[in-house]
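Take a look at the structure set out below.
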Amino acid sequence: MSVDTARILPLRNGAGTNPKIVAKNIQKYFGNVLAMEDISCSINEREFVAIIGPSGCGKSTFLYLIAGFEKASHGELLINNVPITGPGPDRGIVFQEFVLFPWLTVLRNVTLGLDIKGVQRQEAEERARKWIRLTGLSGFEDAYPSTLSGGMKQRVAIARALTYDPEVLLLDEPFGALDVQTKNYMIQDLQNLWLEANRTIVMITHSVSEAVQLADRVLVLSSRPSRIIADVAIKLPHPRDLRDPLLRRHEDEITAILSAEVDKAMSLERQASAKAERRGS
Amino acid sequence: MPNATLSEPAAAFANEQRPRSMVYRATASVVVFALPIIAFLLIWEVAVRLGWVDATILPPPSTIVRRGWVLLNPSDLGQSILLAHIGVSLWRALISFALAAVLAIPLGFFLGLNKTAYLIVSPLLSLLLPLPAVAWTPIFLVSFGQGDLTIVAVCFLGAFFPILYSTIQGVRGIGRHSLWVVRSMGAGWFDIFRRVLLPGALPTLISGLKLGMAHSWRTLVAAEMLAALSHGLGFMIFAARSYMDVSTMFVGIVCLAVIGLLIERAVFGSLEAVTIRRWHGTGKLGSNR
Ligand SMILES: Nc1ncnc2c1ncn2[C@@H]1O[C@H](COP(=O)(O)OP(=O)(O)OP(=O)(O)O)[C@@H](O)[C@H]1O
Ligand SMILES: [Mg+2]
């Protein structure tokens, strides 16, 4: 899939201005534990938003709320101005833990979404093979997931979501298990897909450079209970060069915010446990 | 060079093994399986012939085989007593097993998916599961009297609870993320059942069926001893005691063991081979790939 980005970019003209997903004062409790304190944000049509934040701050939970798997304890979450009440085929997700089906071959895992939609088998396989090829899984179509490496499983999960082509793609650390080289290829392909197909993408990542390379906006979450502590717009044309000084400046800025947050959280944590220890002894 | 002399026959062995490896492996596994049994039978035979044990209590294998041959009546299998007993026993065990599976599997899916129902039923289940089904025989004898109905009812109970329990555990063991994946693809209930719940629960379900069949087979013997009017391996064994016919008893015992083994290996073995062993071919302790 070679895309003439120079030609497409003016057409695409960046993200749209209509809000696709709107979160208003989202709060999420798990039992007595407050996971998300107050999340408000608006994600526009065709926007690529990256979410970054300390481990355990509620990033996956936020994605599950958008996907409709979990319910917010307070607040409002809209898609196309309609409250989200449950999962739907307009939103596709790549889980942090891949979640492949061990009883299906790679090909059948990838065609699953189309099979459920009732797409003809031949067409489904054709569309699946495109993404199997682009994720470098050719030759493994008939393998079962138990025989694949972690990175290969992750690529199957990515291919599965891209093949059935939802309007909104929710990606939970989609490149976490990949080596740098493979990751760069997949980032290229994801960019091309996004430029080509005008999808809205919400991607969780731990890598600041991944975020600034791909996203229109980077949301930085605080540690648990989470709030949005920074919303950084990255107004640079795609495809981006990681050595671009503007990009580097954004990267440094976000890294600084993030490490300040992690430092704060860790020192609070240590103080609390030290206090508990003193009280215990 | 000592290395050369060592590696040469090893290489030759590997070359020779490769083209025949399938046949070789199959034969080897049969031999490995049969050898200890044959050795055991030989020791038994010798021990009886040397008079170390009393032949009227423990007849030698040769006598049991001869007795089995007579009961089998190979010249006219239509009139074979042994086959008639085996047929009736198999019929009883299978019908109870099938009934149990047909009722326990849907109920198991329901209880596995419905938390409230599970909370209500699970204490009952944990009492009934370990209870040997044979204990019910006298109660059924009171209401149904001797005969097939009582035997089938008891065997049914023997098979029902293991199947029910395994189905519930199989369903409950499915990760919620798996359900989320297909629900986010717009799957309705039937697709969710067919594409996730059923295959996801299948490994545990198969072991439940295996256990259910084994329980049904085990319970059968005791139930037949207590409640059969005629026929059945359990009946045959029990009836032989009136004539002190120990070799007939042993023929029955051997039949029970062999048929139990065949059901487990042939039926469930092949079921596993086309499902879970293909999915999880590698990486499990005890897998040979
Ligand atoms: N089902 C649940 N029950 C109870 N607590 C939960 C549940 N799911 C998440 N949590 C808690 O909510 C918090 C946020 O979890 P979440 O998985 O969203 O974090 P995350 O930001 O994705 O972390 P990571 O970067 O490590 O993946 C954690 O403290 C976790 O313990
Ligand atoms: Mg997470």
> Any idea which of A:VAL212, A:VAL156, A:VAL168 is closer than 22 Å to A:LYS20 by Cβ and touching a helix residue (DSSP H, G or I) at 6+ places or on another chain (Cβ under 6 Å)?
Replying inline: A:VAL212
> Applying the selection to segment A:21-35, what residues are surrounded by 15 or more Cβ atoms within 10 Å (Cβ to Cβ) and more than 13 Å from ligand 2 (Cβ to nearest atom)?
Replying inline: A:ILE21, A:VAL22, A:ALA23, A:LYS24, A:ILE26, A:GLN27, A:LYS28, A:LEU34
> A:ARG127 fails exactly one of the following numbered conditions: (1) away from chain B (no Cβ under 13 Å); (2) within 16 Å of ligand 1 (Cβ to nearest atom). What is the number of that condition?
Replying inline: (2)
> Of the residues B:SER166, B:SER230, B:SER216, which is away from chain A (no Cβ under 14 Å) and not in a helix (DSSP H, G or I)?
Replying inline: B:SER230
> With respect to A:ARG217, is the statement that it is within 13 Å of the chain's Cα centre (by Cα), away from ligand 2 (no atom under 16 Å from the Cβ), charged (D, E, K, R) and modelled with pLDDT of 90 or more true?
Replying inline: yes
>> Out of the residues in segment B:134-152 meeting the condition of being free of Cβ contacts under 8 Å to residues at least 24 places away in the same chain and among the aliphatic types (A, V, I, L, M), tell me which one is surrounded by the fewest Cβ atoms within 10 Å (Cβ to Cβ).
In response: B:VAL142
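Go through segment A:151-187 and count every residue that is in a loop (DSSP other than H, G, I, E, B) and within 16 Å of ligand 2 (Cβ to nearest atom).
Looking only at that region, the number is 5.
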>> Against the conditions (1) under 14 Å from the mean Cα position of the chain (by Cα); (2) more than 16 Å from ligand 1 (Cβ to nearest atom), where does A:LYS235 fall short? Just the number, please.
In response: (1)
>> When the residues of segment A:198-229 are narrowed to those that are within 16 Å of ligand 1 (Cβ to nearest atom) and of a type in the set (Gly, Ala, Ser), which ends up nearest to A:GLU167 (Cα to Cα)?
In response: A:ALA211
> When you look at A:PRO83, is it more than 13 Å from ligand 1 (Cβ to nearest atom), within 17 Å of A:VAL168 (Cβ to Cβ) and out of contact with any strand residue (DSSP E or B) (no Cβ under 9 Å at 6 or more places or on another chain), yes or no?
Replying inline: no
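So that you can scan it fast, the table gives a plain yes or no per residue for (1) under 25 Å from the mean Cα position of the chain (by Cα); (2) part of a helix (DSSP H, G or I):
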site	(1), (2)
B:LEU58	no, no
B:SER62	no, yes
B:VAL70	no, yes
B:LEU90	yes, yes
B:PHE97	yes, yes
B:ALA104	yes, yes
B:LEU107	yes, yes
>> Anything in segment B:169-188 that is of a type outside the set (Val, Ile, Thr) and within 12 Å of chain A (Cβ to nearest Cβ)? List them, or say none.
In response: B:GLY175, B:ARG176, B:HIS177, B:SER178, B:LEU179, B:TRP180, B:ARG183, B:SER184, B:MET185, B:GLY186, B:ALA187, B:GLY188
> What number of residues within segment A:31-78 are within 14 Å of another protein chain (Cβ to nearest Cβ) and within 9 Å of ligand 1 (Cβ to nearest atom)?
Replying inline: 5
> For A:ASP115, which of the numbered conditions (1) acidic (Asp, Glu); (2) more than 27 Å from B:LEU202 (Cα to Cα); (3) outside the structural domain of A:CYS41 (by TED's automatic domain parsing) fails to hold?
Replying inline: (2)
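Quick one: which strands (runs of 3 or more DSSP E) sit completely within segment A:188-263 and have at least 2 residues that are buried (at least 20 other Cβ atoms within 10 Å of the Cβ)?
Working: elements: A:200-204, A:217-221, A:226-233.
Per the criteria, A:200-204, A:217-221.
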>> For the structure I just gave you, tell me whether B:VAL251 is more than 14 Å from every other protein chain (Cβ to nearest Cβ) and either surrounded by 22 or more Cβ atoms within 10 Å (Cβ to Cβ) or basic (Lys, Arg) (or both).
In response: yes
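Here's the yes/no breakdown for (1) within 16 Å of ligand 2 (Cβ to nearest atom); (2) among the β-branched types (Val, Ile, Thr); (3) in contact (Cβ under 8 Å) with a residue 40 or more places away in the chain:
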position	(1), (2), (3)
A:ILE52	yes, yes, yes
A:CYS57	yes, no, yes
A:LEU63	yes, no, yes
A:GLY68	no, no, no
A:LYS71	no, no, no
A:HIS74	no, no, yes
A:ASN80	no, no, yes
A:PRO87	no, no, no
A:GLY92	no, no, yes
> So which residues in segment A:216-270 are in contact (Cβ under 8 Å) with a residue 60 or more places away in the chain, touching a helix residue (DSSP H, G or I) at 6+ places or on another chain (Cβ under 7 Å) and within 20 Å of A:LYS24 (Cα to Cα)?
Replying inline: A:VAL218, A:VAL220, A:LEU221, A:SER222, A:SER223
> Of the residues that make up segment B:40-56, is at least one within 24 Å of the chain's Cα centre (by Cα), among the hydrophobic types (A, V, I, L, M, F, W, C) and exposed (fewer than 13 other Cβ atoms within 10 Å of the Cβ)?
Replying inline: yes
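Quick one: in segment A:89-109, which of the residues that are more than 16 Å from ligand 1 (Cβ to nearest atom) and closer than 19 Å to A:ILE201 by Cα is nearest to the other protein chains (Cβ to nearest Cβ)?
Step one: filter segment A:89-109 for residues more than 16 Å from ligand 1 (Cβ to nearest atom), giving A:89-92, A:100-109.
From the residues that got through so far, the ones that are closer than 19 Å to A:ILE201 by Cα too are A:89-92.
Working: A:PRO89: 3, A:ASP90: 9, A:ARG91: 6, A:GLY92: 6 Å.
That would be A:PRO89.
The values are calculated or read from the model by the stated rules, or taken from the named source; none is laboratory data. From a predicted model like this one, the values you see are computed outputs, not experimental measurements. Positions of Cβ are generated from backbone atoms using ideal geometry, with glycine treated the same way; all protein chains shown enter the neighbour counts.
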